[in-house]
Structures are given as structure tokens and as C-alpha cells.
Amino acid sequence: MSVLSLQNLKVSYQKQAVINALDLEIEAGEIVALFGPSGGGKSTVLKSIAGLLDEVEGHIEVNGVTLLSDKVRLPAEKRNTGLIFQDYALFPHMTVAENVGYGLHKLKKSQRAERIESMLALIKMTEYADKYPHELSGGQQQRIAIVRALACEPSIMLFDEAFSNIDPQLRFELIADIRALLKHQNTSALFVTHNQDEAFAFCDRIAVLNQGRIEQIGTSEQLFNYPSTKFVAEFLSDGLWLNAEITCPNRLSSELGELPYTGAESLAQRVGEQVHVFLRPHHLRLELAPDADSKVEHERFVGEFYESFVAWQGQQVKVKTFYSFLNKHVHIKVDTNVKVVFDAA
């Protein structure tokens with residue numbers, strides 16, 4: 001049985017549809033991202049699950065309990081969800097221990113103290129129990145906010161851009177720690193983000209949301225290597241669109257020559273069909289070609305490689321140019337005439 005089930009979810013603001021007929025299932029212990037551009041409806045879905053919005057229709061079920069249906073509309077405080085925002089939301093006048101224990105008033109004093117200590121031990125912050133939020137770093141504050149929610153044993157955790165305020169150098173350390181914590185607790189989570197690196201690092205599956213509908217859901221590898229729509233392909237990475245012809249079940253003919261096909265769909269019945277192919281920067285390379293019409297217009301150094309930008313047949317093409325540490329001048333410089341080729345290596 002799914003921990004979270006959304007069926008035919010519809011959400012409106014002032015009678016204007018924002019989410020329309022959305023379905024989503026999350027299994028026990030699974031971490032799923034709602035990933036997409038700003039304004040696409042990600043936070044709206046999260047708030048609908050948490051019971052923070054009024055104009056919501058459809059069916060929401062958590063651990064077999066109906067939160068929303070035609071006949072049921074549980075208030076937010078009875079939905080047993082843990083909601084984490086980007087601003088930590090700790091009580092500044094309370095110590096770390098008091099913050100973690102805030103929602104545990106139904107427990108006996110000894111049980112409450114034991115739960116607080118065990119939650120702080122999970123994030124290796126026991127020695128911070130008597131500190132106040134202003135004495136902690138942003139990453140430490142967010143850890144406390146998360147274990148405060150986990151201490152109440154929610155059926156599912158809801159993260160709304162929860163890592164966006166963390167220093168980039170520490171963000172992925174925090175993401176790894178929180179992912180490990182959720183897996184240790186076998187706690188399911190729904191994570192809203194517009195940051196692709198966060199979604200890939202934190203989540204088991206990713207639902208790409210665009211204008212209130214899920215375009216595709218799958219693992220990061222599935223989405224990146226086998227996008228099912230034009231939007232998903234372009235949203236995940238820059239790339240080059242090519243006209244091509246299917247010449248056999250595993251090969252296509254294009255303006256850049258022969259291309260291998262490794263997708264899941266069989267092309268056996270489509271031989272001879274004209275199609276569009278999307279190639280990402282790592283599929284391409286540049287060759288010196290003094291007589292070519294294309295030139296490297298500009299470039300940027302990003303640490304492990306150069307990104308070279310070339311005007312090619314009306315499109316701006318980005319190519320990743322790797323270089324040797326011992327020979328830093330092997331990349332092709334700006335204003336050099338080049339030929340764009342498919343990198344079969």
C-alpha cells in the first residue's frame with residue numbers, strides 16, 4: 001500500500017485552475033521530488049497535502065487514511081504530515097531541546113526527554129541541546145527543524161525548497177545526511193525543488209511538474225537519458241535538436257551522421273520515419289575546420305571543462321570541451337572555425 005496517494009487532484013486559486021487531474025503515488029521509505037520551474041504548481045501540491053489550501057478537490061490518502069475526498073476534509077493539524085520550509089521556522093526563544101520537543105506534549109516527561117535525546121543523537125547534535133537557534137549555523141538549524149518534525153512520527157515528510165537557504169558548500173553534505181536519516185527511519189518524503197542537482201542527489205524518483213501537470217516521473221537516469229516529452233528534455237539540460245531518419249531498429253541517420261539508438265521503445269515498425277533527436281552537450285565535440293561556417297562565439301570555464309558556444313544552423317550549440325591538467329590549451333578558443341560532430345566515444 002502506498003504511503004501517499006493523490007488521485008485526480010485539482011487545485012484552484014480564485015477559481016483559476018493551478019493543478020488539474022494530478023495523480024501521484026509514494027511508497028514506504030521512498031523519497032520523491034516534485035521538480036519543475038517556478039510557478040509550475042509544486043508548492044501548491046505540497047500545501048494541498050498538508051491541508052493549507054481551501055480550493056482543493058480530488059482524493060488524498062496517507063497510510064490508508066483519507067485526508068480529502070468528496071465527503072472528507074481533515075484539518076491540517078490532523079493530517080500527520082511533517083512540513084519543512086526553507087526558513088527553518090524554529091522558535092527563537094526556545095533551546096534546541098525545547099524546539100525538538102515542541103510537538104511531544106502528549107508524551108510523559110521521561111518519554112519526551114528520551115525522544116528528544118534520541119532524535120538529537122541521530123543528527124549528532126546532542127551537545128547542542130541547550131543552545132538557541134541564533135547560536136547555530138543554517139545547516140544546523142535545518143537539521144533541528146527536520147528532526148523536530150520527525151520526532152512527531154509523521155506518516156510523510158513534506159519539504160518545500162528546504163535546502164535553498166543553505167550555503168552551497170554545505171548543502172549536499174546536509175542533503176546526504178537527511179537522506180540517510182529518512183532511510184534509517186523508513187520515512188517517506190515529498191520534496192519540492194527547482195534545483196536539479198538537489199533533486200538528483202536527494203530523491204529516489206522525480207516527478208517533473210509543468211503548469212500543473214506531471215510531464216514524466218522516473219529515476220534521475222530515466223529522465224535524463226530517456227525524456228518522454230520535449231519539455232522534460234529541454235528542462236533538464238541544454239541540447240541540440242536534429243532532424244533524423246530511422247534507418248534500422250537501433251540506428252538513425254542525421255545531419256551529424258549515423259546515431260545509435262538505445263531507447264526503451266522499439267523502432268522496428270518505424271524504419272523510414274522522420275523524427276527529431278535531442279543531443280546533449282556531452283554527446284558532441286568540436287573539430288578544427290578552417291573552411292567551416294561555424295565559429296566558437298564565446299566560452300566559459302567551469303572548473304572541469306570549458307563550455308563552448310557555437311552558432312550552428314540557426315541554433316546556439318553548447319559543447320563541453322575537456323582539457324588536460326598538464327596541457328591547458330587543448331580546448332578550442334573563441335573565434336576558431338569548427339565543425340560540430342557527434343562524439344561516438
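Dipole orientation for the chain: of the candidates I144, A244, L158, I144 has the Cα lying most toward the positive pole (charges on Cβ; Lys, Arg +1; Asp, Glu -1). Modelled spin-label separation between E287 and F91, with each label point placed 7 Å from Cα along the Cα-to-Cβ direction: 6.9 nm. If you filter region 1-69 for GluC sites (Glu not before Pro), then keep DSSP loop positions with at most 13 other Cβ within 10 Å, what is left? Taking region 1-69 and a limit of 13 other Cβ atoms within 10 Å, the loop GluC sites (Glu not before Pro) found are E27. With 20 Å as the limit, the listed pairs K108/K131; K47/K108; K295/K318 have K108/K131; K47/K108 beyond it between alpha carbons.
Take every DSSP beta bridge whose two residues both sit in the chain; close to 75 percent of them are antiparallel.
Under the rule a/c < 1.5 gives rounded, and otherwise a/b versus b/c splits prolate from oblate, where does region 18-71 land using the Cα gyration tensor? Since a/c reaches 1.5 but b/c is at least a/b, the shape of region 18-71 is classed as oblate.
Would you kindly state the longest site-free stretch of the chain, with sites defined as trypsin sites (Lys or Arg not before Pro) in a DSSP loop (not H, G, I, E, B) surrounded by at most 16 other Cβ atoms within 10 Å?
No qualifying site falls inside 132-327, the longest such stretch.
Working note: Cα atoms of the chain, range along each principal axis, descending, whole Å: 80, 52, 35. Helix-only arithmetic for the chain: the sum of -39500 (n - 2.57) across DSSP H runs with n ≥ 4, divided by the residue total, places the mean residue ellipticity at 222 nm at -7000 deg cm²/dmol. Taking Cα centre as origin and charging only the Cβ of basic (Lys, Arg, +1) and acidic (Asp, Glu, -1) residues, the dipole magnitude of the chain rounds to 840 debye.
Charges at C-beta only: +1 for Lys and Arg, -1 for Asp and Glu. How large is the resulting dipole of region 157-290 about its Cα centre, in Debye rounded to 20? Working shown, then result.
Numbers: 10 positive and 18 negative charges, 61 e Å.
In total the dipole reaches around 300 debye.
Over the chain, what is the relative contact order in percent, taking alpha-carbon pairs closer than 8 angstrom and at least six residues apart? Answer for the chain is 15 percent.
Computed from the Cβ-Cβ distance with R0 of 25 Å, the FRET efficiency linking N8 to A264 stands at 0.35.
Candidate cross-link partners of K42 among the lysines, defined by an alpha-carbon separation under 26 Å and a same-chain spacing of 8 or more, comprise K10, K15, K71, K78, K183, K230. When the GluC sites (Glu not before Pro) in region 253-320 are filtered for DSSP coil states and for at most 10 other beta-carbon atoms within 10 Å of their beta-carbon, the remaining sites are E265, E304.
We did not get these values from a lab; they are worked out from the coordinates using the rules stated. These numbers were taken from a predicted model, which means no experiment stands behind them. In this analysis, Cβ positions are derived from the backbone assuming ideal geometry, glycine residues included, and neighbour counts consider all displayed protein chains.
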